[in-house]
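Participant: Here it is: the structure, laid out below.
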Amino acid sequence: MRATPKLRSPMRTVSLTIVFAIAVSLALLLFASAASAGTRWTVNDVPGMGNTDFSTAVHSSMPVIA
């Protein structure tokens, strides 16, 4: 016995497409705003640190994008 595929109504398909588009848009917006909300340090501007290699550790209660 072969199962027949269940068809969705056109309105449900449109609704799911809109929900998916909104979810993707929100994800992109959150990622873009998180990247621009961070702090950036330029080490070469610190006296004595120009052209110097160094290491640092970062601790945060929020996710860190490096």
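Participant: Subtract the Cα-Cα distance of M62 and S9 from 0.36 nm times their separation in residues, and report this length gain in nm to one decimal. Provide the component values of the computation, followed by the final result.
Facilitator: On the way: separation 53, 0.36 × 53 = 19.08 nm, distance 4.21 nm.
Result for the pair: 14.9 nm of gain on full extension.
Participant: By average Cβ neighbour count within 10 Å, what is the ranking of 47-54, 15-22 from highest down?
Facilitator: On the way: 47-54: 7.2, 15-22: 10.4.
Averaged packing, sorted descending, gives the order 15-22, 47-54.
Bear in mind these aren't lab numbers, they're just calculated from the coordinates by the rules spelled out. Please read these numbers as outputs of a predicted model, since none were measured by experiment. Here Cβ is always computed from backbone atoms with ideal geometry, including for glycine, and neighbour counts include all displayed protein chains.
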